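First up is the structure itself, then whatever we jot down about it.
The values are calculated or read from the model by the stated rules, or taken from the named source; none is laboratory data. Note that the coordinates shown come from a computational prediction; the quantities given were computed from them, not determined experimentally. For neighbour counting, all protein chains shown are included, and Cβ atoms are generated from backbone atoms with ideal geometry for every residue, glycine included.
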Amino acid sequence: MEIKDKSLKELETLSQEIRDRIIDVVSRKGGHFSSTLGAVELTLGMHYVFDAYSDPFIFDVSHQCYPHKLLTGRWEEFESIRQFGGLSGFTKPNESSADYFVAGHSSTSISLAVGAAKAIALKKENRVPVVMIGDGSMTAGMVYEALNELGDIKLPVVIILNDNEMSIAKPIGAISKYLSKILAGKYYQGFKGKVDKFIKNNMPEGTTYIAKRMEEALKLITPGILFEEMGIDYIGPIDGHDIDEIIDTLQIAKAMNKPVIVHARTVKGKGYKIAEGQHEHWHGVGPFNVEDGAFVKKEAPKAATAVFADALSSLACKYDNVVGVTAAMPSGTGINKLMDKFPDRFWDVAIAEQHAITSMAAMAKEGFKPFITIYSTFLQRGFDQIIHDVCIMNLPVVFAMDRAGIVGNDGETHQGAFDISFLRFIPNMILFAPRDNKTLVEGLEFAYTLTSPCAIRYPRGAFKELEYDSTAFTLGKAELLKDGSSNKLFIGYGAGVSRAIDTESLHNDDIAILDLRFVKPIDKDTLVELSKKYDDWYVFSDSQKQSGVASAILEVLNDEKIKNVQVTSFEYRDNFIEHGDTKIIEESLELLPEQLVLKVK
Ligand SMILES: Cc1ncc(C[n+]2csc(CCOP(=O)(O)OP(=O)(O)O)c2C)c(N)n1
Ligand SMILES: CC(=O)[C@@H](O)[C@H](O)COP(=O)(O)O
Ligand SMILES: [Mg+2]
């Protein structure tokens, strides 16, 4: 039966079935959990009032899209969510025509809706873009760039603001406070009841006229004055778990034929009691026991994130001028501990990567030593700020890039593949990488001493502990870990060093291993020296091949007119990398040591 033909009772039953399915599958497979549970009724409302195969359904970040997937023919396949070869955890048009866009990074939804609305108007079609965006995602600047235009051009777009008063962590900033203040007021429910009665008793059926009246009436009480002043109509707050109210409101919003924000209050984790409310650790989860909410514990070595956080904490204790920032990822980057310990020196600035970078540039100019702790993938947001505000000024900002390399189940939107490629060509930027926990700690101490911007990368999860001792970091100096008796040289960068070591251990030749340490400035002298002894080089790095580590080495060989060396890159090829367990992804890319050793042979 079509959703549109279902009674309220049937819709409520369906919402329970959706929740049961999400809880069952995510408790076994892991995935984004509390956001998606909180969006069940709103998603049902979208599907009841709009048509996912015609109206662009645009989910911001799209980590809350599981109910949408279940409603659009992916009930059985849902079992494979975020697994290699299975469904993506985000919307993906090549998975279903009901998925309008790929998303994974936040706050793109309203811009997409504006573009879609313009296209629809030009094509003279009768479709309406519908956005679902969370309160956390409303903190990013791009949202206001889009609203700025939307309020001016006034094309029909319905924006459902799914407000659970949570980002991943507690939401930050004045906009969040403003939204919370609205939510603290009364539901629009009581008022709406009166308007409904008025419409039923006085008006003929016919949405445009009704909507006009409704809209006028709403204007008298709207708490969403910020949006109203920008030219976007505001309805709310409504109860985001009351299907009846959601459907009524969305029907009105649709009929208004202009930009409208429907502000819905929801509970993150709704329907799974243990996760309900403001619990950060239920945002994205691994497998857990449904009965008691206990996570399935896996013995895991200390994550690089934790090593980083401890080392930064020591630096902050030692040096008063150390400051730091995260763009809405306090626990993900480990900086939450520092925010607790040094609340006036470490900040969460909300989903505002660009602002994080530029504001820290000014702190660096004022004599502070900022550490921008950020996932490699989210640093992409701040590309111009890195060049324009940090590097041209040659300011000693440290970019601490977590989640470098394959991140696993989040997939193509989140892989930390590109940072070396897009940072390497920026003048003044220093790029180096630790190979293990010890060199991560040493690398941070070294970063503190630099007077230029630098970027240091480390992986999701743990470094492999290596048996090689390390020497102190010296700017632009590589470290030869072992000489070899064959003509081969393995060059590793960052976590690529352990891959090189593992591959060497599987080879029957005795192969020299170099930890490149710096991809910029690169150790020209050492490379020239090594070219005299070894002429078959292999480059191991968890990063894109184009403009990557092997490219940097080839530039040296070319500049130094060294012709005898053959370089093979074991970096990522020119594709976006899918989702799945990291090891399985690496296997699919033929990057496991046992695969690489065959290539070398
Ligand atoms: C540009 C960018 N920065 C950071 C993130 C990480 N991130 C994913 S979801 C999220 C919180 C979003 O909060 P909200 O929109 O309120 O959704 P909720 O999870 O509360 O439903 C963050 C910070 C991201 N996806 N994109
Ligand atoms: C959707 C999003 O961007 C985050 O929730 C991300 O999935 C977190 O990734 P980690 O699990 O690596 O912190
Ligand atoms: Mg939220």
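A few remarks follow.
- Among the candidates Ser88, Ser111, the residue that is within 20 Å of Val157 (Cβ to Cβ), at pLDDT 95 or above, hydroxyl-bearing (Ser, Thr, Tyr) and assigned by TED's automatic domain parsing to the domain that holds Asp163 is uniquely Ser111.
- The lone exception for Asp344 - which of (1) surrounded by fewer than 24 Cβ atoms within 10 Å (Cβ to Cβ); (2) assigned to a helix (DSSP H, G or I) it fails: (2)
- Unmet criterion (only one of (1) in contact with a Leu (Cβ under 8 Å, 6 or more places away or on another chain); (2) surrounded by fewer than 19 Cβ atoms within 10 Å (Cβ to Cβ)) for Lys337: (1)
- No other residue among Val262, Val322, Val296, Val267 is away from ligand 3 (no atom under 16 Å from the Cβ) and either assigned by TED's automatic domain parsing to the domain that holds Pro129 or within 30 Å of Ala364 (Cβ to Cβ) (or both) apart from Val322.
- Residue satisfying all of: in segment 436-464; among the small types (Gly, Ala, Ser) and part of a loop (DSSP other than H, G, I, E, B); nearest to the chain's Cα centre (by Cα) among these: Gly461
- Listed conditions (1) closer than 21 Å to Gly416 by Cα; (2) in a helix (DSSP H, G or I); (3) within 16 Å of ligand 2 (Cβ to nearest atom) are all met by Ala350, apart from (2).
- First in segment 127-145 and under 17 Å from Leu42 (Cα atoms), second anywhere and within 16 Å of ligand 2 (Cβ to nearest atom) and aromatic (Phe, Trp, Tyr), Cβ under 9 Å, 6 or more apart: Val131/Phe59; Met132/Phe59; Ile133/Phe59
- Any chance Val143 is outside any loop (DSSP other than H, G, I, E, B), in contact with a strand residue (DSSP E or B) (Cβ under 8 Å, 6 or more places away or on another chain) and surrounded by 21 or more Cβ atoms within 10 Å (Cβ to Cβ): yes
- Restricting attention to segment 561-601, the residues being part of a helix (DSSP H, G or I) and among the polar types (S, T, N, Q) number 3.
- Unmet criterion (only one of (1) touching a Pro at 6+ places or on another chain (Cβ under 8 Å); (2) at negative phi; (3) not β-branched (Val, Ile, Thr)) for Asn428: (2)
- In segment 468-489, the count of residues that are more than 26 Å from the chain's Cα centre (by Cα), crowded, with 24+ Cβ neighbours inside 10 Å, not assigned by TED's automatic domain parsing to the domain that holds Met363 and not in a loop (DSSP other than H, G, I, E, B) is one or more.
- Any hit, segment 434-456, residues being more than 16 Å from ligand 1 (Cβ to nearest atom), among the acidic types (Asp, Glu) and surrounded by 18 or more Cβ atoms within 10 Å (Cβ to Cβ): yes
- Odd one out for Asp469 among (1) in contact (Cβ under 8 Å) with a residue 24 or more places away in the chain; (2) under 21 Å from Ala303 (Cα atoms); (3) of a type outside the set (Ser, Thr, Tyr): (1)
- Output for segment 29-53, where each listed residue is in a helix (DSSP H, G or I) and either at pLDDT below 95 or touching a strand residue (DSSP E or B) at 6+ places or on another chain (Cβ under 9 Å) (or both): Ser34, Ser35, Glu41, Leu42, Thr43, Gly45, Met46, His47, Val49
- Sub-6 Å Cβ pairs linking a first residue in segment 156-171 that is in contact (Cβ under 8 Å) with a residue 24 or more places away in the chain and in a loop (DSSP other than H, G, I, E, B) to a second residue that is within 16 Å of ligand 2 (Cβ to nearest atom) and basic (Lys, Arg), at least 6 apart or interchain, are Asn164/Lys268; Met166/Lys268, ordered by first then second residue.
Okay, residues lined up against (1) buried (at least 18 other Cβ atoms within 10 Å of the Cβ); (2) at pLDDT 90 or above; (3) away from ligand 3 (no atom under 16 Å from the Cβ); (4) under 19 Å from Ser107 (Cβ atoms):
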| site | (1), (2), (3), (4) |
| --- | --- |
| Ile160 | yes, yes, no, yes |
| Tyr187 | no, no, yes, no |
| Lys192 | yes, no, yes, no |
| Ala211 | yes, no, yes, no |
| Ile221 | no, no, yes, no |
| Gly224 | yes, no, yes, yes |
| Ala255 | yes, yes, yes, no |
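- Conditions (1) touching a residue at least 24 places away in the same chain (Cβ under 8 Å); (2) of a type outside the set (Ser, Thr, Tyr); (3) surrounded by fewer than 19 Cβ atoms within 10 Å (Cβ to Cβ): number failed by His105: (3)
- Checked against the criterion of being surrounded by fewer than 22 Cβ atoms within 10 Å (Cβ to Cβ) and assigned to a helix (DSSP H, G or I), the candidates Glu95, Glu79 yield just one match: Glu79.
- The listed residue being within 16 Å of ligand 3 (Cβ to nearest atom), under 28 Å from Lys9 (Cα atoms), of a type in the set (Asp, Glu) and modelled with pLDDT of 75 or more, out of Glu276, Glu245, Glu280: Glu276
- Residue in segment 142-162 that is touching an Asp or Glu at 6+ places or on another chain (Cβ under 8 Å) and within 16 Å of ligand 2 (Cβ to nearest atom) present: yes
- Among the residues listed as Gly461, Gly496, the single one being touching a residue at least 60 places away in the same chain (Cβ under 8 Å), small (Gly, Ala, Ser), surrounded by fewer than 20 Cβ atoms within 10 Å (Cβ to Cβ) and within 30 Å of Lys298 (Cβ to Cβ): Gly461
- Out of Asp542, Asp523, one residue alone is among the charged types (D, E, K, R), within 30 Å of Lys92 (Cα to Cα) and in contact (Cβ under 8 Å) with a residue 24 or more places away in the chain. It is Asp542.
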